[in-house]
Amino acid sequence: MALCAEPALAHHATGGETPKTFLEGFLSGLAHPVIGLDHFAFVVAIGLLAAKQGWGLLFPISFLLAALGGTTLHLNSVDLPAVEIAIALSVFLIGLGLGLRKTLPLSGAIAFGILAGVFHGYAYGESIIGATPSPLSAYLLGFTLIQAAIALGAGWLGDRLLRRTAERARALTLPGLAIAGVGLVFLLQAI
């Protein structure tokens, strides 16, 4: 599946059209982080890594807030360089972090989550440029809610798995390496 992946560019639930209603904006916001394999893999990894490291909600929340900030940057015509490369690299790095058998510092993870969130959010903003306030607000609500649900769900599942595994350090190595593989495929496509 990773070998068939397409670059993130702008994932649209509305067929490439700018959402015109609250419902279209909300559905587009729900879809964007799920349709894009790179975004989806990253958000799953956020939850799994938070569970593995015992970080609770701080890591996912830092990413979610930064993603809103990144979208705001894009909507205000602030240009970020190499967005697709940064997104792919973030997926690769978080996959490696998940695959490592080491304890990682929460402060470094939060800084990484914020930086990654700005770039992921910037890409999310592409789908909503030109929308009126109602679908724009709905879009922001939708992508924030779905990412929170995915990250928290993955964290919950990861926590359950870790509780049943004697070797906590190795329990999420395979999913981490798979996510790193997804990131590597997107990175190779982006460069």
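Would you check which residues across the stretch 118-128 are in a helix (DSSP H, G or I), open to solvent by 10 Å² or more (accessible area, probe 1.4 Å) and not hydrophobic (A, V, I, L, M, F, W, C) and list them?
Tyr122
Taking Ile114 as the residue in question, decide whether it is hydrophobic (A, V, I, L, M, F, W, C), under 24 Å from Leu184 (Cβ atoms) and open to solvent by 30 Å² or more (accessible area, probe 1.4 Å).
yes
Can you tell me which of Gly54, Gly70, Gly113 is over 17 Å from Leu37 (Cβ atoms), among the small types (Gly, Ala, Ser) and at pLDDT below 95?
Every option except Gly54 fails the conditions.
Pairs under 8 Å by beta carbon, first residue closer than 13 Å to Ala45 by Cα and assigned to a helix (DSSP H, G or I) in the stretch 158-179, partner open to solvent by less than 20 Å² (accessible area, probe 1.4 Å) and of a type in the set (S, T, N, Q), six or more apart or different chains?
none
Taking into account only those residues within the stretch 23-79 that are aromatic (Phe, Trp, Tyr) and buried (at least 22 other Cβ atoms within 10 Å of the Cβ), which is nearest to Glu126 (Cα to Cα)?
Phe26
Considering Leu104, Leu98, Leu115, which residue is under 19 Å from Gly47 (Cβ atoms) and not in a helix (DSSP H, G or I)?
Sole residue among the options that is under 19 Å from Gly47 (Cβ atoms) and not in a helix (DSSP H, G or I): Leu104.
Could you please find all residues in the stretch 157-186 being loosely packed, with under 13 Cβ neighbours inside 10 Å and not basic (Lys, Arg)?
Correct list: Thr165, Ala166, Glu167, Leu174.
The values are calculated or read from the model by the stated rules, or taken from the named source; none is laboratory data. Keep in mind that this is a model prediction, so the values were computed, not measured. FYI the Cβ positions are ideal-geometry reconstructions off the backbone, even for glycines, and counts take in every protein chain you see. To get the accessible areas, we keep the full protein, side chains included, count just its heavy atoms, and leave off ligands, DNA and RNA. Shrake-Rupley method; radii C 1.70, N 1.55, O 1.52, S 1.80 Å.
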